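Have a look at the structure below before the remarks.
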Amino acid sequence: MVDQQDTEHHPRNTASVIGHEKVISAIAGNDHERRHHGFILSGPKGIGKATAAYRAAERLMTSSNMAGLFGETDGLRVDENDPDIRLIRAGSHPDMMVVEGDASKASGGISVDQIRAIIPFLAHTPSRSQWRVVIIDSLDEMNINGANAILKTLEEPPEQAVVVMINHQSKPVLPTIRSRAQMLRMTPLGFQETREVITGLFDEADADWVGVAAAMADGAPGKALLFAQSGAVDLYAETTQMLAGASTDRLTIDGLAANWGAGGAKNIVRRQMGQMFMLRLLTMAARQAVGKTDDTARPHLDIEGRAINQICQKHSAAQLADWHQQFQSRFQEAERVNLDVVPIVYDLLERLIGQPRAP
């Protein structure tokens, strides 16, 4: 989820990890003799997998006192002045190698040459630390040649070396890689944990903005970086306020649809956020309409809850489910052939504020 050019919010610079303490312990615990040489951190994008990988690397590669490492409230904070920590945050620690996709290239993926460079790196003994660490972010960005190249390292792991591989679950991990590494499955955070992470990322943000971003993130606080870039949080708040009202005018709908569906490459993130928001809203409303309001589908904001209540008063669960399918299909097809999605968003919003259903 993180733009690798955004150095301020790059996972290596995130000061704390919330909700993933057990994963860091599995990688960097004190039982060196039983430590595995390879790990796969698997889970949805934006939940903190790369951040957890960096924090585990810091634990392995520093001798500073990391007080409260396994505490539940301190977020695994470390000594920011430790020289090894400073080198890791700068991306220049001699015992750490990070393999990322190159956004400047057409493929944007990880090349086989990048993976092959891991072997000579691990052939050297550590210069500052007891361990050498390689982070691959991510397996999803590797082709079959790169996947085969990493097998050489995983099959014959050097002493005092750990390879941490990120997997966003966009495609299956090859069985040959999975069998040679320990799979650590990571799940989305709870709402309060998500809110706490976003507060740390945007410490000057308004509390209401953080609340809306946390609700939209659905347990993946890394999405908040996209929200901030696209202006989606403010649009989400405006849209829920409109839907929560008893009535509205077509001019308001037109303005919201135009903002959500603005064309061009520079607005693609906002359009993606708009699609995600509409589908989220339809899903929660449909589930509420049939009495299924578990934690994964319950609104976290008052304005969001009021909007869903209004929708459920007007439309049946079957109708909402049908609109969900139609909207998703129409939106994806329009994006695929580069058509205007504004009419698709407008049509859905107009339907949602329609007249109450017959008793």
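Any chance the stretch 343-354 includes a residue that's in the same structural domain as V269 (by TED's automatic domain parsing), free of Cβ contacts under 8 Å to residues at least 60 places away in the same chain, more than 23 Å from Q241 (Cβ to Cβ) and not basic (K, R)?
The answer is no; no qualifying residue exists.
Given the criteria in the same structural domain as I311 (by TED's automatic domain parsing) and either polar (S, T, N, Q) or surrounded by 17 or more Cβ atoms within 10 Å (Cβ to Cβ) (or both), does T248 qualify?
Yes: the conditions hold for T248.
Residues in the stretch 90-99: is at least one among the hydroxyl-bearing types (S, T, Y) and over 17 Å from N148 (Cβ atoms)? Break it down into steps so the answer makes sense when it comes.
Going through the stretch 90-99, the residues among the hydroxyl-bearing types (S, T, Y) turn out to be 92.
With the extra rule that they be over 17 Å from N148 (Cβ atoms), the set shrinks to 92.
Within the stretch 90-99, one or more residues are among the hydroxyl-bearing types (S, T, Y) and over 17 Å from N148 (Cβ atoms).
Would you confirm whether any residue within the stretch 75-98 is among the polar types (S, T, N, Q) and modelled with pLDDT under 75?
No, because not a single residue in the stretch 75-98 is among the polar types (S, T, N, Q) and modelled with pLDDT under 75.
Which of (1) modelled with pLDDT of 95 or more; (2) over 14 Å from V163 (Cα atoms); (3) not aromatic (F, W, Y) does A117 not meet, given it meets every other one?
(2)
Please go through (1) at pLDDT 90 or above; (2) of a type in the set (K, R); (3) surrounded by fewer than 24 Cβ atoms within 10 Å (Cβ to Cβ); (4) within 17 Å of V163 (Cα to Cα) for R35 and return the number of the only condition it doesn't satisfy.
If we test R35 against (1) at pLDDT 90 or above; (2) of a type in the set (K, R); (3) surrounded by fewer than 24 Cβ atoms within 10 Å (Cβ to Cβ); (4) within 17 Å of V163 (Cα to Cα), just (1) comes out false.
I need the full set of residues from the stretch 150-183 which are polar (S, T, N, Q) and crowded, with 20+ Cβ neighbours inside 10 Å, in order please.
From the stretch 150-183, those polar (S, T, N, Q) are 153, 160, 167, 169-170, 176, 179, 182; that's our starting set.
Answer for the stretch 150-183, where residues must be polar (S, T, N, Q) and crowded, with 20+ Cβ neighbours inside 10 Å: T153, N167.
Is there a residue being in the same structural domain as I27 (by TED's automatic domain parsing), under 21 Å from the mean Cα position of the chain (by Cα) and modelled with pLDDT under 90 anywhere in the stretch 120-141?
Looking for residues that are in the same structural domain as I27 (by TED's automatic domain parsing), under 21 Å from the mean Cα position of the chain (by Cα) and modelled with pLDDT under 90, one finds none in the stretch 120-141, hence no.
Quick check: anything in the stretch 186-202 of a type in the set (D, E, K, R), over 19 Å from I18 (Cβ atoms) and outside the structural domain of I119 (by TED's automatic domain parsing)?
Filtering the stretch 186-202 down to residues of a type in the set (D, E, K, R) leaves 193, 195-196.
Those left that are additionally over 19 Å from I18 (Cβ atoms): none.
No: zero hits.
For a quick check of your reading of the model, give me the residue pairs whose first member lies in the stretch 303-325 and is more than 22 Å from A237 (Cα to Cα), whose second is buried (at least 17 other Cβ atoms within 10 Å of the Cβ), with beta-carbon atoms closer than 6 Å and at least 6 apart or on different chains.
What qualifies is A317/A286; A317/A289; A321/A286.
Got at least one residue in the stretch 212-231 being surrounded by fewer than 16 Cβ atoms within 10 Å (Cβ to Cβ) and on the phi > 0 side of the Ramachandran plot?
yes
Take the conditions surrounded by fewer than 19 Cβ atoms within 10 Å (Cβ to Cβ), modelled with pLDDT of 90 or more, in contact with a Leu (Cβ under 8 Å, 6 or more places away or on another chain) and farther than 23 Å from H10 by Cα and apply them to A147. Does it pass?
So A147 fits the description; yes.
The values are calculated or read from the model by the stated rules, or taken from the named source; none is laboratory data. Computed from a predicted model, the values in this text were never measured in an experiment. Reconstructed Cβ throughout: ideal geometry from the backbone, glycine too, with neighbour counts over all protein chains shown.
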